[in-house]
Amino acid sequence: MMQETDVLIIGGGLTGLTLNYLLRKAGYAALILEARDRLGGRIWTKTTTEGVKIDMGATWLGQKHTHLVQLLQELKLPVFQQRLGTKALFEQHQQDTAQFIPLPPNNDPSYRIQGGTSALIQALARHLPDEAVLLDTPVEKIHAKADGVYTFNGALTIKSKVVVSTLPPNLLSHRIELQPALPDALIHLMQQTHTWMGESIKAGVAYAQPFWREYGHTGTAFSHTGPFTELYDHTDAEEEHFALKGFLRNDMANLSAPDRKRLVEGQLLKFFGQRAMEYGSYEETVWPMEPFTYAPYEHAVLPHQNNGHAMYRKPYWNGRLFLAGSETADAFPGYMEGAVRSAEWVYRALRQSFALS
């Protein structure tokens, strides 16, 4: 089966959906291919059986993230400040009792999106007609030919003037066959570019009440031993649904889900006492196990390594292939702000290209 479109966007995460939003505002159409059965990519808010929304991916933003803030305002999505408090629990060694430590004044507070970060995805998706997105459609190969760019998924072929990949560069280099091949220097760069969220494990525990506040706890905790290395109060803006959420040690990806949960319970019991065991739902997302986010690196890569490299901000295949996504942005790469800025850069480039003349 063959379809045709002017602009084909690979990936229905924040960059892809923002690019679609900008194009459609200007009167242009695009088609999004998304490998998962949902939109959002590394933005994913899970809703527990109790109705608690727990952000499993991107969560926080700051006022310095001006392009993201402007987009949220345009979409009429309110934000609220992350509750941190003036003190946090700190655990140096596993055999030690966690101690309260003072937190410095928070002059650059973090904010969360009301309704969960996926509220942003849902708002952008309202500008995406049903026929303009194909879910469960992982791309296998992209070939540039004289009369257009051909993208293949099994029996489906899509012909377009331009293809925009929003995949993490390392993932793109390993999972999709590109013809003609990209320059060797670019391929090497892609395989040495850190994938935002790629090694992260996020976990959240839902509660009927924020019991930790009754004992003077803020819900903020840090540990050198884990399993939680960072933990935060994840209560919603309305103070109606309550949770604790944070990051687990990266090496816990090697454990089974029941073993991770058991270790989390042990740490929460140590930190907060028996009431911590009176939880509703436990949710986790092991991002290195997500095949449409993460691919192993050829060599060891540091956090944010090569994010924002200038080679990502020029078109290839004579203007018919663009590499986009948070890792490619010229500012705040590896954050939601970077994803929005990347979409804006590609949009400006497309407006000037032959494809949208």
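Would you please name the residue that is modelled with the lowest pLDDT, looking only at residues in the range 333-357 that are open to solvent by 60 Å² or more (accessible area, probe 1.4 Å) and assigned to a loop (DSSP other than H, G, I, E, B)?
It comes out as 357.
Kindly establish whether residue 320 is within 16 Å of residue 15 (Cα to Cα) and open to solvent by 10 Å² or more (accessible area, probe 1.4 Å). First the steps, then the outcome.
Numbers: within 16 Å of residue 15 (Cα to Cα): no; open to solvent by 10 Å² or more (accessible area, probe 1.4 Å): yes.
No; evaluated as a whole, the condition is false for this residue.
Determine, yes or no, whether residue 95 is more than 21 Å from residue 167 (Cα to Cα), assigned to a loop (DSSP other than H, G, I, E, B), touching a helix residue (DSSP H, G or I) at 6+ places or on another chain (Cβ under 7 Å) and open to solvent by 60 Å² or more (accessible area, probe 1.4 Å). If you could, list the steps in order and put the result at the bottom.
Details: more than 21 Å from residue 167 (Cα to Cα): yes; assigned to a loop (DSSP other than H, G, I, E, B): yes; touching a helix residue (DSSP H, G or I) at 6+ places or on another chain (Cβ under 7 Å): no; open to solvent by 60 Å² or more (accessible area, probe 1.4 Å): yes.
Spelling it out, it is not the case that residue 95 is more than 21 Å from residue 167 (Cα to Cα), assigned to a loop (DSSP other than H, G, I, E, B), touching a helix residue (DSSP H, G or I) at 6+ places or on another chain (Cβ under 7 Å) and open to solvent by 60 Å² or more (accessible area, probe 1.4 Å).
Restricting attention to strands (runs of 3 or more DSSP E) lying wholly within the range 109-205, give those where 1 or more residues are modelled with pLDDT of 95 or more, touching a Gly at 6+ places or on another chain (Cβ under 6 Å) and crowded, with 23+ Cβ neighbours inside 10 Å.
Of the strands (runs of 3 or more DSSP E) lying wholly inside the range 109-205, none has at least 1 residues that are modelled with pLDDT of 95 or more, touching a Gly at 6+ places or on another chain (Cβ under 6 Å) and crowded, with 23+ Cβ neighbours inside 10 Å.
Please identify the pairs in which a residue from the range 136-164 that is free of Cβ contacts under 8 Å to residues at least 24 places away in the same chain has its Cβ atom under 7 Å from the Cβ atom of a residue that is outside any strand (DSSP E or B) and exposed (fewer than 15 other Cβ atoms within 10 Å of the Cβ), counting only partners at least 6 apart or on another chain.
152/140
Taking the range 252-290 as the region of interest, how many residues are part of a loop (DSSP other than H, G, I, E, B) and either open to solvent by 70 Å² or more (accessible area, probe 1.4 Å) or in contact (Cβ under 8 Å) with a residue 60 or more places away in the chain (or both)?
Here the count works out to 4.
Looking only at the range 206-225, how many residues end up being over 21 Å from residue 49 (Cα atoms) and buried (at least 21 other Cβ atoms within 10 Å of the Cβ)?
Looking only at the range 206-225, we keep the residues that are over 21 Å from residue 49 (Cα atoms), and these are 212-225.
Next cut, buried (at least 21 other Cβ atoms within 10 Å of the Cβ) only: 212, 217, 219-221, 223.
Residues flagged as over 21 Å from residue 49 (Cα atoms) and buried (at least 21 other Cβ atoms within 10 Å of the Cβ) within the range 206-225 amount to 6.
The values are calculated or read from the model by the stated rules, or taken from the named source; none is laboratory data. Predicted, not measured: the structure shown is a model, and the values here were computed from it. Quick reminder, even Gly has a Cβ in these numbers, built from the backbone with ideal geometry, and neighbours come from all protein chains shown. All accessible areas refer to the heavy atoms of the entire protein, side chains included, with ligands and DNA or RNA removed. Shrake-Rupley method; radii C 1.70, N 1.55, O 1.52, S 1.80 Å.
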